[in-house]
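The values are calculated or read from the model by the stated rules, or taken from the named source; none is laboratory data. It should be emphasised that the depicted structure is a prediction, and the values quoted were computed from it without experimental measurement. With ideal geometry, Cβ positions are generated from the backbone for all residues, glycine too; neighbour counts draw on all protein chains shown. What goes into the accessible areas is simple: the full protein's heavy atoms, side chains included, and nothing from ligands, DNA or RNA. Shrake-Rupley method; radii C 1.70, N 1.55, O 1.52, S 1.80 Å.
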Amino acid sequence: MENKLNSLESKLEKIVGLGRSWGMSDTEIKECIEEVIQLQDEDRSKNQERGWQFVLTKVGFWTWFLVKCLAVILSVLILFYFILTTCAAASPEIEAQVGKIVNPWIYPSMRFARIMLKPLADKFHMQGLYGADCLVANPFFLDPIEDCHLCTTKSRFADLTGQGEARRRQHARDIHPFIIKGYSAPNVTLDVLRSMYLDNENKFILGGANTLYTNLDGVYNISDFFNKYDDAALMSFKRQTGFLMWETNSVPTSQAIRKLFPRPSFLTSAFEVSLLKRIYVDGPLAGTHELPIGGFASCWYQQVQGIRQLTLVPHRDCRHSCEEMKITVEAGDLVFYQDQFWTLFSSPEIIKGKGTSAAKDVGIGFSGSFTL
């Protein structure tokens, strides 16, 4: 390093001496040296730019080509969507045909988008936003007018116990409520629910979209129930009119819950199951409560422990043409219904003539929904 500095100093001295021999002042010599250094820096930067331009020319062409292709595809899709919605708005018949064409593609496309965006959602912890309320209301939204004639011919639950999956799917498409007795083994208890929660507690806490409705004192969230309620408190719960509804609406929590409550066997992979899931815990004398609407109109309710009486009440607009239905469900039974036309109520099963509940233990139920 020292040798290089000495060589540089000697060269500078020679340059300065040469400039003085030409009659230049020290200031002029200094300006000339600075100008030469500046020109060399500019030449070096131009050479670097030429190298980068060569790389960008090769890589940039494909980037430009892919971006242009994506823009063209998106433009065609937007134009196609605009044409379909315009035609659908003009005619109910066209709307029905468009629905038949588009519906099979909705779930696969949404599922593909969720899978592709999962790394982004995990990185920024966006799962909790899934169940968030809209900040701005849509002023153009109107509640759909219910076509009550679709439920006028349904007067009771169809018993599809022992029937094939194809017939069950057909009843679902026909919007005909049905029951499958003994559909699943009654192997989900409060202890099983507690273990499932504690094993996946981080998912339920970080995943967000957890809501709890209960009449139990000192229980403000699902963590309170599973962590603070000891065995003695649970035994007390069994002897009172306690009620609890646990609602989840996110991908991580849905993945944990569906291990205990998988989708019904008559639903193929083409059916989209909503992330919105609810678990109900009822004491033997828990009063009547309404089951809220599902994420989609087609719903199922599964009684996994205990016994309850379910009542389908037609919506107000359809009460003049549709009938109320009642059925008793025991552990393992599954019920299908459409909340587009009916509201489901759960009540204790009362023994006739005695006025006491037929349930001897805590009742546990589960509800989900899907698209047809």
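Annotations
- Between Gln255 and Leu372, the modelled label-to-label distance comes to 3.2 nm, taking each label 7 Å out from Cα in the direction of the beta carbon.
- Modelled label positions at Lys228 and Asp199, each set 7 Å beyond Cα in the direction of Cβ, lie 2.6 nm from each other.
- Local charge for Val329 was computed over the other residues whose Cβ lies under 10 Å away, with Lys and Arg +1 and Asp and Glu -1, and equals -1.
- Note on exposure: His176, His149 ranked by accessible area (1.4 Å probe, complete protein assembly) read His149, His176, with the most exposed listed first.
- Debye log10 I(q)/I(0) at q = 0.16, 0.17, 0.20 Å⁻¹ for the stretch 238-372, Cα point scatterers: -0.83, -0.93, -1.21
- Filter on Lys228/Lys259; Lys154/Lys259; Lys181/Lys259; Lys203/Lys228; Lys123/Lys277 - keep pairs with C-alpha separation over 29 Å: Lys154/Lys259
- Cβ-derived FRET efficiency at R0 56 Å, His320 paired with Arg111, nearest 0.05: 0.90
- Computed accessible area, Leu79, all protein chains, 1.4 angstrom probe, square angstrom: 100 Å²
- Figure note: Glu323, Glu247 ranked by solvent-accessible area, largest first, 1.4 Å probe, ligands and nucleic acids not counted: Glu323, Glu247.
- Net charge contributed by nearby residues that have their C-beta within less than 13 Å of Pro252 (K/R +1, D/E -1): +3
- Ranking by accessible area, most exposed first, for Met245, Met24, Met110 with a 1.4 Å probe: Met110, Met24, Met245
- For the stretch 285-343, the spread of Cα positions along each principal axis, largest first, Å: 34, 23, 16
- Looking at the stretch 220-334, the accessible area is 42 square angstrom per residue; that uses a 1.4 Å probe and ignores ligands, DNA and RNA.
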